[in-house]
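J.: Let me give you the structure first, and then I'll get to my questions.
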Amino acid sequence: MRRAKLMRAAFHRAKSVAPVALGAVGLSFQGFSLFAENVKAAQNSHDALWDPSWVETHGEKTIAKRLAGPKDLPLKLYTSWFCAFAQRAWIAVEEKQLEYSYVEINPYEVDPRFPGGYTKKPLPLEVKKAMYPDFIASSPNGLVPSVDCNGDKVWESLHVVQYIDERFDHPPYFLPREPVKRAHVRIWSDFVTDKICKYFYVHWLEKDPAAQLKAKEVFFEECRTFARAMSKDGPYFLGSEISMVDIALFPFWQRFLWIGHHYRDLEMPKDKDFERLQRWWEAARDRPAFKATLVCADRLVARECRWLDFLTNSQQ
Ligand SMILES: N[C@@H](CCC(=O)N[C@@H](CS)C(=O)NCC(=O)O)C(=O)O
C-alpha cells in the first residue's frame, strides 16, 4: 500500500514536467503528441526500461520463443503480456499446442517514468490504428486479445477461446461435447467475469474502507458459489479434464493472489470451498500450457499499480 501511495505521489509530481512517450514511432493525433523518442515499454531484460529486479520466467520465456519463430504464421495472436483477458487466449493456443505468431500490442501510452514504461491510459483508436494496423483489422474495438487465423478475425477473450476450440477440433476440448455441459461451461465462464472478477476489482480499487470490505465479502461469497458448482473430485472445474471455465478463471486467480496480497494484504479464507479452489489452482498452475503463461510476479505487480494511478488521476 505504501508503495502504491509513493508511486501515485511520484506520478503527480512528474506529470507536469515530462513529455509522454507513446511508442517507438512519432505520431500526432488531435493535439496529442507522440514523441519519436524510440522509447518502448520493456518486453525483456535487454530493453532499457526493464527493471533489474525482474526475472524472466515461464511467460517471458514462452514469448521469447514465439517471437524468435516466424512472424507470419497463418495463426496470429494479438496480445499483451500483462492482460488477464489476453492470457485466456494465450492459454488456449498453448493448450492446443498450436504454431502461432505472437504479436505483442501495448494499447496504452508509454511513460518511461514508470516501471517498464507501462501506464493505464488507453491510446486513442486512431493512434492504435496507425501503430498496429493489422491488430485493429483483427480487433475493431482496439482491445486485446484477438486472433487472425487465415483471415478469420475474432476478438473478445471467451469468443477467442471458443473459436480456437472449434477451429482446432482436437483435444483438449475447452467445451464438452454434450449440449447441457457446454451451456454450463459458458454460464460459469461468464460468472467468473461478471461476478468473481467484478467484486475483486471493486474491492481492490474502492477507496472507501467500508465499501472495500463489503466488496471483499461479496467476492468471497461469489468464490464460494463457484466452488460449490465445481466437480467434487476435480481437480478442474468439470473433473479430470480442463474446460473454458478453468481458462477463464486462471489468469484472474493469479492476479487475486499476487495483486490482492501485494496491494490489499488479501488472504483467502481457509474453509472447505477455498480448499477446493486451492486444489484447483495448484493443478492448473502445474499444467504446462497454463504455466507457460506465468510472467514474473514482481513485474506484473509493478505494472498493475498503474490502475491505481489511472483511477486517481481520472477522478481529479
Ligand atoms: N471484454 C474484453 C476485455 C479486453 C480488455 O479489456 N483488454 C484490455 C487490456 S487488459 C485492452 O485491450 N485495453 C485497451 C484499451 O482500453 O484501449 C475481453 O474479454 O477480451
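J.: Would you point out the residue of the range 245-270, among those that are modelled with pLDDT under 95 and touching a Cys at 6+ places or on another chain (Cβ under 9 Å), that is surrounded by the most Cβ atoms within 10 Å (Cβ to Cβ)?
T.: Ile259
J.: State all residues of the range 82-99 that are buried (at least 23 other Cβ atoms within 10 Å of the Cβ) and either closer than 19 Å to Arg167 by Cβ or modelled with pLDDT under 95 (or both); if no residue qualifies, say none.
T.: Ala86, Arg88, Ala89, Trp90, Ile91, Ala92, Val93, Glu95
J.: Which members of the range 147-164 meet the condition of being under 20 Å from the mean Cα position of the chain (by Cα), acidic (Asp, Glu) and more than 12 Å from the ligand (Cβ to nearest atom)?
T.: Asp148
J.: Can I ask one more? What pairs can you find where one residue is in the range 70-86 and farther than 15 Å from Tyr100 by Cα, the other is small (Gly, Ala, Ser) and near the ligand (Cβ under 6 Å from one of its atoms), and their Cβ atoms are less than 6 Å apart, with a gap of 6+ or different chains?
T.: Matching pairs, first to second residue: Phe85/Ser157.
J.: Please note which helices (runs of 4 or more DSSP H) are completely contained in the range 157-243 and include at least 1 residues that are under 22 Å from Ala283 (Cα atoms), of a type in the set (Asp, Glu) and free of Cβ contacts under 8 Å to residues at least 60 places away in the same chain.
T.: Ranges flagged: 179-191, 209-229.
J.: Can you list the helices (runs of 4 or more DSSP H) lying wholly within the range 48-146 that have 3 or more residues being within 12 Å of the ligand (Cβ to nearest atom) and more than 30 Å from Tyr173 (Cα to Cα)?
T.: Once the helices (runs of 4 or more DSSP H) in the range 48-146 are filtered for at least 3 residues that are within 12 Å of the ligand (Cβ to nearest atom) and more than 30 Å from Tyr173 (Cα to Cα), what remains is 125-131.
J.: Among the residues that make up the range 194-216, is at least one of them surrounded by fewer than 19 Cβ atoms within 10 Å (Cβ to Cβ) and under 30 Å from Tyr100 (Cα atoms)?
T.: So far as the range 194-216 goes, yes, one or more of its residues are surrounded by fewer than 19 Cβ atoms within 10 Å (Cβ to Cβ) and under 30 Å from Tyr100 (Cα atoms).
The values are calculated or read from the model by the stated rules, or taken from the named source; none is laboratory data. This is a predicted model, so every value here is computed, not measured. Glycine gets a Cβ as well: all are built from the backbone with ideal geometry, and neighbour counts include every protein chain shown.
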